[in-house]
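Beneath this line is the structure, given in structure tokens, with notes to follow.
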Amino acid sequence: MSPSNIAPQRETVFGAARSGSRNVAAVLLRAGLLPILLVALILVFSLLAPQFLAPANLINISRQSVFLLLVALGQMVVLLAAQLDLSVGATIAVTSVVTATVTSSLTGGDASVVPLGLAVGLGVGVAVGVFNGFFVAVVKVPSFMVTLGTTSILTGIALILSKGAPVSGVPALFTATLATGSVFGIPISVLIGIVIAVVVFIVLSRTTFGRNIYAVGGNSSAASVAGISVTATLIGSFVLCSVLASLAGVLLTARVASGEASLGSSYVMLSIAAAVLGGTSLFGGEGKLGLVILGVLFLGVLSNGMNILHVSSYVQELVIGGVLVAAVAIERLRTQVFGT
Amino acid sequence: MSSVDTPLLAVESVTRRFPGVVALDNVSLDLLAGEVHVLLGENGAGKSTLIKILAGVQAPSSGSIRLDGREVHFRSAGEARDAGIRTVFQELSLVPTLTVAENLLLGRLPRTWGLVSMRKLRAAAGQALARIDANIPLDVVVSSLPRSSQQLIEIAKGLLGEARILILDEPTSSLGTRESEKLLGIVRKLRADGLGIIYITHRMHEIAAIGDRVTVLRDGAFIATVGAQLEHEKLVELMTGRPVEKLFPRSERSVGETLFSLDDVVSSQLANVDLEVRAGEIVGVAGLLGSGKSSVGRVAFGLEKLVSGNIRLAGSAYRPRGPRNAIARGLMYYPADRKVDGLVLVRPLLENLSLGSLIDVGLARFGLINRRAESLSASGLVDALDIRPAHLWRRAELLSGGNQQKAVLSRGLLRDCAVHVFDDPTVGIDVGAKVDVYRLLDRLACEGKALVLISSDLGEVIGMCDRTYVMHEGRIVGELSRAETSEEALVSHFFGKSKAEQHDSASPVLVLGGTES
């Protein structure tokens with residue numbers, strides 16, 4: 001056999017070795033399981049509750065899912081860099097209190113309230129991200145510990161600023177634009193979610209920053225030796241994550257029309273669940289944005305369907321926790337199949 | 001070699017099929033008592049499959065194996081072991097948290113009244129180590145020992161009881177020169193004791209040093225059994241199936257001005273090192289494990305702290321500030337361990353080829369990647385270095401060691417750096433890939449780059465380098481011209497003037513990951 005024949009033959013070998021029943025399982029595990037589960041879930045709910053598929057409810061699901069979408073995309077970015085951000089919930093809380101405090105101090109009909117509120121809220125995100133990123137990338141404290149500490153710090157700040165009570169007086173224009181406003185029947189918040197998803201997709205797949213996140217998460221030592229600034233990449237990924245959490249915080253504030261220090265704590269677990277459901281590796285370097293969006297929709301549909309069916313919130317907690325454990329188990333199975 | 005009529009082991013027309021692939025196709029080989037039989041082949045040639053069959057891990061699809069002329073069928077690794085065939089795989093099977101003695105007799109701990117007898121355990125373990133003249137304390141935990149000692153323990157363990165055949169799978173791939181020499185000495189002793197030894201290696205100079213005969217496999221097929229004294233070029237030709245004019249290519253090249261120099265450099269591993277490399281030169285840095293040779297590259301690249309001294313790069317003063325800065329200044333460094341410091345294994349080949357280079361080589365503008373240009377550039381590199389299989393979207397971890405190494409070295413072609421420092425670029429890769437690596441080195445030198453080749457492969461230092469610095473205990477103890485460079489000259493410098501024993505494997509710099517499919 002001439003050398004030029006070797007490569008293609010080894011290729012067929014590779015394909016053939018994976019044929020048979022394992023192949024079906026492999027395809028399902030690689031991407032197909034989540035879409036199938038999502039469709040199954042939708043089928044079950046639409047059979048059990050006819051109003052589930054009503055346009056109003058579908059818009060409702062997307063409106064409710066935007067917050068988690070934003071936080072989960074941020075969490076995904078940090079997970080890709082082989083880190084974890086436990087402070088996304090507290091970031092939402094602080095953003096909410098700060099944004100409500102600033103916007104409520106403005107006079108009622110001032111048109112600048114929307115951009116100003118967004119700028120202030122996102123500013124909080126930048127600050128939190130730089131703080132987390134600095135301690136992780138420069139001081140080299142594990143992100144688990146840093147963001148656990150940040151959670152406590154931010155919760156404290158939110159409680160101090162709000163004196164433990166909701167900050168009221170958020171201008172009606174702010175609420176009307178970001179929470180209830182819509183364009184061609186699509187809520188503005190949903191449009192924001194779509195735009196952000198596209199932007200994050202481009203950042204991850206088409207920019208050097210995104211490529212560096214995957215590289216640093218996959219092997220930070222190799223990335224460094226190849227000339228990538230690991231420090232800048234890590235700080236950047238934490239800033240991106242916190243800014244997205246803050247954006248969710250601003251939108252949530254507009255929705256509840258007040259600044260609340262208790263807002264957002266559930267998003268820590270849910271954002272990790274959505275990212276991992278979507279196949280993002282907990283070890284960094286691997287994950288696809290499209291699947292994370294499906295993970296968000298899956299959790300959104302699950303929660304909405306259970307609400308429609310009047311499942312008690314206690315049981316809902318249990319179900320979502322079970323889904324998370326199952327997701328991690330699937331992730332483990334997947335790495336066993338494709339590990340080597 | 002003792003002459004015996006019936007070979008100790010005879011492999012006859014053994015074939016092993018996996019669904020859709022023939023991993024071993026009609027391979028025959030015989031092993032005599034008191035013989036070292038080298039098994040040679042590129043990654044994927046079938047060496048591992050053959051070993052697994054002999055070790056009883058896998059069964060042949062057809063063909064037979066005879067031990068002392070009697071046909072044997074192993075149904076498990078235990079049966080092969082009991083028959084006297086002992087295999088030391090590349091991945092060591094020691095329990096890191098147990099002591100040396102416990103590891104040696106794991107699974108057959110001597111007992112008195114049902115309890116483990118420490119006295120008998122120590123006696124038996126001591127005997128096992130004495131058989132290979134290994135001087136290793138019995139009561140220390142294995143994880144605290146250097147890799148070379150662990151390798152010896154593994155061999156001693158394999159020799160317990162009635163061992164007749166010893167199979168060694170690249171036993172020196174993670175050892176330094178001195179440790180390797182010691183291991184070869186043990187192999188010679190065992191051969192003299194009448195054992196039959198099957199020895200797998202990618203280090204060419206070891207073949208003639210200890211081998212009696214060589215059997216070459218390629219793509220699962222038997223190619224030839226030849227004498228171990230055959231020239232390297234011929235062996236490589238048999239292995240790769242393509243004619244190799246020279247194992248160490250060497251084009252005419254002109255030497256220019258000094259591009260890289262160290263002046264009185266001191267670090268935690270280096271003491272007053274002076275070194276100079278000119279354009280068009282390949283300069284070797286040789287030395288034992290722990291001699292500090294790896295630190296030369298690591299300090300210059302900013303991975304290890306420079307305490308004092310001056311470094312000059314392309315004519316101007318340079319102070320290491322980290323890889324990013326070093327590359328920008330024209331210094332490229334290729335780490336010794338491609339899996340730890342070289343590649344992002346979970347990402348596709350394409351992303352590894354352009355790792356860290358996108359902006360600098362114009363594949364991205366304003367932070368946006370030009371994906372078409374990137375994949376064109378990647379295809380070019382794959383062709384230039386003959387990286388196989390040429391699937392840009394397959395994960396880097398699925399490539400063989402040699403192809404992974406080529407992916408790391410491709411950075412030298414992608415980026416225009418004046419100085420290139422290679423740290424053991426051919427460790428654990430097959431000879432076909434080695435030749436490709438040497439061609440790359442020669443090509444870079446021809447283009448007028450200055451190359452530093454830090455290497456623990458003496459043959460490669462002798463064959464490739466224009467000049468060679470020899471290091472010992474962090475100092476440069478000799479500088480040899482190409483004419484002066486020989487194995488004897490290098491080894492005599494290795495031990496310096498003071499006691500060499502003190503620094504035995506003191507440095508963690510050579511943690512190597514040899515791979516074998």
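Key figures for this structure:
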read-out	value
Search result, residues across segment A:182-201 that are assigned to a helix (DSSP H, G or I), surrounded by fewer than 16 Cβ atoms within 10 Å (Cβ to Cβ) and more than 14 Å from chain B (Cβ to nearest Cβ)	A:Leu191, A:Ile194, A:Val195, A:Val198
Residue among B:Asp386, B:Asp360 that is at the interface with another protein chain (Cβ under 10 Å from one of its Cβ atoms) and more than 27 Å from A:Leu80 (Cα to Cα)	B:Asp386
Total residues in segment A:272-319, condition among the hydroxyl-bearing types (Ser, Thr, Tyr) and either assigned to a helix (DSSP H, G or I) or surrounded by 23 or more Cβ atoms within 10 Å (Cβ to Cβ) (or both)	4
Some residue of segment B:38-46 being over 27 Å from B:Asn403 (Cα atoms), out of contact with any Cys (no Cβ under 7 Å at 6 or more places or on another chain) and buried (at least 22 other Cβ atoms within 10 Å of the Cβ)	no
Residues located in segment A:202-247, provided they are under 25 Å from B:Asp416 (Cα atoms) and either away from chain B (no Cβ under 14 Å) or outside any helix (DSSP H, G or I) (or both)	A:Thr207, A:Asn219, A:Ala226, A:Gly227, A:Ile228, A:Ser229
Total residues in segment A:275-328, condition under 30 Å from A:Ser220 (Cβ atoms), among the β-branched types (Val, Ile, Thr) and away from chain B (no Cβ under 14 Å)	6
Exclusive hit being surrounded by fewer than 20 Cβ atoms within 10 Å (Cβ to Cβ), within 24 Å of B:Asp442 (Cα to Cα) and not assigned by TED's automatic domain parsing to the domain that holds B:Ser291, set B:Val361, B:Val382, B:Val408	B:Val361
Residue within segment A:133-150 that is modelled with pLDDT under 95, more than 21 Å from A:Ser266 (Cα to Cα) and of a type outside the set (Lys, Arg) present	no
Strands (runs of 3 or more DSSP E) (entirely within segment B:60-158) containing at least 3 residues that are in contact (Cβ under 8 Å) with a residue 40 or more places away in the chain and assigned by TED's automatic domain parsing to the domain that holds B:Leu190	B:62-67, B:85-88
Some residue of segment B:315-326 being under 30 Å from A:Phe283 (Cα atoms) and either in a loop (DSSP other than H, G, I, E, B) or among the hydroxyl-bearing types (Ser, Thr, Tyr) (or both)	yes
Subset of segment B:139-153 (residues that are surrounded by fewer than 20 Cβ atoms within 10 Å (Cβ to Cβ), closer than 26 Å to B:Ala192 by Cα and either at pLDDT 85 or above or out of contact with any Asp or Glu (no Cβ under 9 Å at 6 or more places or on another chain) (or both))	B:Gln150
Output for segment B:418-460, where each listed residue is assigned to a loop (DSSP other than H, G, I, E, B) and either more than 16 Å from B:Gly330 (Cα to Cα) or in contact with a helix residue (DSSP H, G or I) (Cβ under 7 Å, 6 or more places away or on another chain) (or both)	B:Asp424, B:Pro425, B:Thr426, B:Val427, B:Gly428, B:Ile429, B:Asp430, B:Ser455, B:Ser456, B:Asp457
Residue match in segment A:248-271 (condition: within 14 Å of chain B (Cβ to nearest Cβ) and either farther than 21 Å from A:Lys140 by Cβ or assigned to a helix (DSSP H, G or I) (or both))	no
Residue in segment B:468-488 that is surrounded by fewer than 20 Cβ atoms within 10 Å (Cβ to Cβ), under 21 Å from B:Ala208 (Cβ atoms) and in contact with a strand residue (DSSP E or B) (Cβ under 9 Å, 6 or more places away or on another chain) present	yes
Breaking point among (1) at pLDDT 90 or above; (2) part of a loop (DSSP other than H, G, I, E, B), for B:Thr15	(2)
Hits in segment B:330-367 - residues which are touching a strand residue (DSSP E or B) at 6+ places or on another chain (Cβ under 6 Å) and of a type in the set (Ser, Thr, Tyr)	B:Tyr333, B:Tyr334
Lone qualifier among B:Gly196, B:Gly220 - being at pLDDT below 90 and touching a strand residue (DSSP E or B) at 6+ places or on another chain (Cβ under 8 Å)	B:Gly220
Test: residue in segment A:307-323 that is of a type in the set (Phe, Trp, Tyr) and free of Cβ contacts under 8 Å to residues at least 60 places away in the same chain	yes
Matching option when the condition is in contact with a helix residue (DSSP H, G or I) (Cβ under 9 Å, 6 or more places away or on another chain), over 30 Å from B:Pro137 (Cβ atoms), in contact (Cβ under 8 Å) with a residue 24 or more places away in the chain and within 14 Å of another protein chain (Cβ to nearest Cβ), among B:Gly41, B:Gly56	B:Gly41
Search result, residues across segment B:337-357 that are within 9 Å of chain A (Cβ to nearest Cβ) and of a type in the set (A, V, I, L, M)	B:Val340, B:Leu343, B:Val344, B:Leu345, B:Val346, B:Leu355
Selection count, segment A:249-271, where residues are surrounded by fewer than 23 Cβ atoms within 10 Å (Cβ to Cβ) and within 26 Å of A:Ile153 (Cβ to Cβ)	8
Number of the condition not met by B:Tyr334 [criteria: (1) closer than 16 Å to B:Ile429 by Cα; (2) of a type in the set (Ser, Thr, Tyr); (3) at the interface with chain A (Cβ under 8 Å from one of its Cβ atoms)]	(3)
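The values are calculated or read from the model by the stated rules, or taken from the named source; none is laboratory data. Computed from a predicted structure; not experimentally measured. Using ideal geometry, Cβ is built from the backbone for each residue, glycine included, and neighbour counts are taken over all protein chains shown.
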